[in-house]
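Visitor: Okay, handing you the structure first.
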Amino acid sequence: MSKFIPYTKPSISDDDIHSVVESLRSSWIKSGPVVSSFESSFTDWIGGAYSITFNSATAGFDILLKTLGIKKGKEIITPSLTWPSFVGLLCLSGITPVFVDINPDTFQLDVTQVEQLITPRTVGIVPLHYAGQCYDIEPLQEICKTYGLYLIEDAAHAIGSEYQSIKVGNHGNISIFSMNAIKNITSGEGGIITTPDSLLSHKLKRARSQGIDRDSFKCHGVRASRYDVKAPGWNATLTDFQAALASSQLKRIDILQKSREKIAKIYLSYLPDIPGITIQKAEAFNTRNSWHIFPVLIDTNYFKFTRDQFREELMNKNIGTGLHFIPVHLLTYYKSKLCLKTNHLKHTEEIGDRIISLPLFPDMSIQDAYYVIDAIESIAKGKKQTIFDLNAKEF
Ligand SMILES: Cc1ncc(COP(=O)(O)O)c(C=O)c1O
């Protein structure tokens, strides 16, 4: 194939562009009415929880930690097979990340190992809905209830995921979604926290806007009024033109989701039969996967080369792959900072060595998916790549 298939790509429609242009042409482009309206739409779509936007999920998490009053010397339990941003913020705040190993089949944090990591300093758990499949929420909620801990979900991958037929973000926890460029809906950069707690929602809104108690639109807009600060804050709001993009994307989330599902379904039909490839195991409570990414494990013994060499082989065939993730505790800064015992995160390290994310994005064609499968099969079987029979299975 002469064209390159990236592992991911944002889907931007003419309606999205129109929506952003309309916002730019209005007299208000910083955070204002479009942000408020997007937050209401997200709340309706999620099914009830308050929604508070930020200029990134990372900024939202930082503000949340301070708003909840989580201080230096405390501990938070989280997996290491994740993006380093939240762990970085813990370290910056003097909070110790305590890593829990993952289940080698589902790649989610291993709930059975959480309790033994709880100490008097533990204040919360930050699990990740890895790849858009859910971790088992209920047992973790039980643990948090028993020990009085916060359950703060890293839902960066989980816009559209459902656990027991309820959307992630509406299970009574605090959930943090990302809307960066490659997420299931995007505002370029952006994040959303959902919570059932109206007081927390109010505090977060105030904290993201320099501590000012009213919407900046009302403070500085046409009917500017007096303002007051009852607690200092950040400047971490989404702009109206970013929210215009997010609103337009949210309107077609079902279409975006179905496109992802179509590609995932093709992968699920063929990849399990290819030697040396293992897919992520789904659990019955996962009633809908957002298919944010499609991770597979490479059997390096079978292939007789490393995961990175496997990625190179695919790159030679014009196929890009993602790396989700290099375990955080193996990154230079954290290796020296956290002084972890070796073998403590056995499955995380093993999976982190073998995992790649295959191309999956809404505008990907069925032909592209077949091409990827065919390329993997040709590497697996050491055979010449053929033109895949597009009629082999119907989708
Ligand atoms: C698992 C995970 N958590 C957190 C983040 C941070 O999100 P943001 O880029 O919106 O700050 C990302 C971003 O890719 C992520 O993948």
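Derivation of every value follows stated rules applied to the coordinates shown; laboratory data play no part. What you see is a predicted model, and the numbers here were worked out from it, not measured in a lab. For neighbour counting, all protein chains shown are included, and Cβ atoms are generated from backbone atoms with ideal geometry for every residue, glycine included.
Visitor: How many angstrom separate the Cα center of segment 4-25 from the Cα center of segment 93-129?
Guide: 37
Visitor: Going 7 Å from the Cα of Leu199 toward and past its Cβ, which residues in segment 29-68 have a backbone nitrogen under 19 Å from where you end up?
Guide: Residues 49-52, 64-68 qualify, since their backbone N sits under 19 Å from the label point.
Visitor: In the calculated pair distance distribution of segment 46-193, what percentage of Cα-Cα distances lie above 27 Å? Please report the intermediate quantities before stating the final value.
Guide: Details: 1477 of 10878 pairs.
Roughly 14 percent, rounded to a whole number.
Visitor: Multiply the residue gap between Arg121 and Lys262 by 0.36 nm, knock off their C-alpha separation, and tell me the result in nm, one decimal place. Walk me through the numbers before you get to the answer.
Guide: Details: separation 141, 0.36 × 141 = 50.76 nm, distance 4.51 nm.
The Arg121-Lys262 span can extend by a further 46.2 nm.
Visitor: Taking only the alpha-carbon atoms of segment 230-274, what semi-axes of the equivalent ellipsoid follow from 5 times the gyration tensor eigenvalues under a square root, in whole Å, largest first? Before the final figure, lay out each step's value.
Guide: Numbers: eigenvalues 299, 49, 9 Å².
Sorted largest first and rounded, they come to 39, 16, 7 Å.
Visitor: Ok, one more. Helix 307-316 sits at what angle to the longest principal axis of the chain, using alpha carbons and giving 0 to 90 degrees rounded to 10?
Guide: Roughly 80 degrees between the two axes.
Visitor: Now, a different point. Using the C-alpha gyration tensor of segment 274-369, what are the square roots of 5 times its eigenvalues, in whole angstrom, with the largest one first?
Guide: Details: eigenvalues 134, 67, 40 Å².
Listed largest to smallest, the semi-axes of segment 274-369 are 26, 18, 14 Å.
Visitor: By how many nm would the segment from Ser165 to Ser365 grow when fully extended, if each residue of separation counts as 0.36 nm and the alpha-carbon distance is taken off?
Guide: Working: separation 200, 0.36 × 200 = 72.00 nm, distance 2.82 nm.
Net length gain for the segment: 69.2 nm.
Visitor: Let me ask something else. For the chain, with equal point scatterers placed on the C-alpha atoms only and solvent neglected, what are the log10 I(q)/I(0) values from the Debye formula at q = 0.11 1/Å, to two decimals?
Guide: The computed values of log10 I(q)/I(0) come out as -0.82.
Visitor: A follow-up question, please. Quick one: what Rg and Dmax do you get for segment 68-153 from the alpha carbons, in Å?
Guide: Taking only Cα atoms of segment 68-153, I get Rg and Dmax of 12.1, 36 Å.
Visitor: Separation between the Glu312 and Leu24 pseudo-spin-labels, each 7 Å from Cα along Cα→Cβ, expressed in nm?
Guide: So the two model labels end up 4.2 nm from each other.
Visitor: Whole-Hz Karplus ³J(HN,Hα) for segment 15-31, in order, using 6.51 cos²θ - 1.76 cosθ + 1.60 and θ = phi - 60°, x for Gly and Pro?
Guide: Once θ is set to phi - 60°, the couplings for segment 15-31 become 4, 4, 5, 4, 4, 5, 4, 4, 5, 5, 7, 6, 8, 9, 10, 7, 4 Hz.
Visitor: For Tyr333 and Ala181 in the same chain, what is the full-extension length gain: residue separation times 0.36 nm, less their Cα-Cα distance, in nm?
Guide: Numbers: separation 152, 0.36 × 152 = 54.72 nm, distance 2.59 nm.
Using 0.36 nm per residue and subtracting the Cα-Cα distance, I get 52.1 nm.
Visitor: Explain nothing, just compute: Karplus ³J(HN,Hα) = 6.51 cos²θ - 1.76 cosθ + 1.60, θ = phi - 60°, for every residue of segment 39-54 in order, whole Hz, x for Gly and Pro.
Guide: 4, 5, 5, 5, 4, 4, 5, 5, x, x, 5, 5, 10, 10, 8, 9
Visitor: May I pose another question? For the residue pair Cys91 and Thr287, what label-to-label distance in nm results when each label sits 7 Å from Cα along the Cα-to-beta-carbon direction?
Guide: 4.0
Visitor: Could you calculate the FRET efficiency of Phe4 with Tyr227 from 1/(1 + (r/R0)^6), where r is the beta carbon distance between them and R0 is 41 Å, rounded to 0.05? Don't skip to the answer; put the middle values down first.
Guide: Numbers: r = 50 Å, r/R0 = 1.23.
Step by step, r from the Cβ atoms, then E = 0.25.
Visitor: OK, next. Once amide H atoms are built 1.01 Å from N in the peptide plane, which residues 5 or more positions from Tyr50, or in another chain, come under 5 Å H to H?
Guide: Excluding prolines and chain starts, which carry no amide H, the hits are Thr195, Asp197.
Visitor: Take every DSSP beta bridge whose two residues both sit in the chain, then give the antiparallel share in percent to the nearest 5. Walk me through the numbers before you get to the answer.
Guide: Details: 24 of 40 bridges.
Restricted to the chain, the bridges split so that about 60 percent are antiparallel.
Visitor: Here's something else I'd like to know. Return, for the Cα atoms of segment 155-212, the radius of gyration and Dmax in Å, separated by a comma.
Guide: Computed over the Cα atoms of segment 155-212, radius of gyration and Dmax are 12.6, 39 Å.
Visitor: So how long is each side of segment 302-352 along the principal axes, counting just the alpha-carbon atoms, biggest first, in Å?
Guide: 40, 23, 13
Visitor: Also: Equivalent ellipsoid semi-axes for segment 6-64, as square roots of 5 times the alpha carbon gyration tensor eigenvalues: give them largest first, rounded to whole Å.
Guide: Value: 21, 18, 14 Å, ordered largest first.
Visitor: Using all Cα-Cα distances in segment 203-341, what percent lands in each 10 angstrom bin from 0 up to the longest?
Guide: Per 10 Å bin, starting at zero, the Cα-Cα P(r) for segment 203-341 comes out as 8, 21, 21, 23, 16, 8, 2 percent.
Visitor: Determine ³J(HN,Hα), in whole Hz, for all residues of segment 129-144 in sequence, where each value follows from phi through the Karplus function 6.51 cos²θ - 1.76 cosθ + 1.60 and θ = phi - 60°; x replaces Gly and Pro.
Guide: 7, 4, 6, x, 8, 8, 6, 7, 5, 4, x, 5, 4, 4, 4, 5
Visitor: For a 26 Å ceiling on Cα separation, which of these pairs sit above it: Lys9/Lys335; Lys74/Lys281; Lys30/Lys230; Lys3/Lys304; Lys145/Lys230? If you can, show how the numbers build up before the last one.
Guide: Numbers: Lys9/Lys335 32 Å; Lys74/Lys281 33 Å; Lys30/Lys230 22 Å; Lys3/Lys304 28 Å; Lys145/Lys230 31 Å.
Check vs 26 Å cut-off fails for Lys9/Lys335; Lys74/Lys281; Lys3/Lys304; Lys145/Lys230.
Visitor: Something else: From the helices alone, meaning DSSP H stretches of at least four residues, give me the mean residue ellipticity at 222 nm for the chain, per-run term -39500 (n - 2.57), in deg cm²/dmol to the nearest 500. Write down the numbers at each step before the final one.
Guide: Working: 14 runs with 147 residues, N = 395.
Theoretical 222 nm ellipticity from helices: -11000 deg cm²/dmol.
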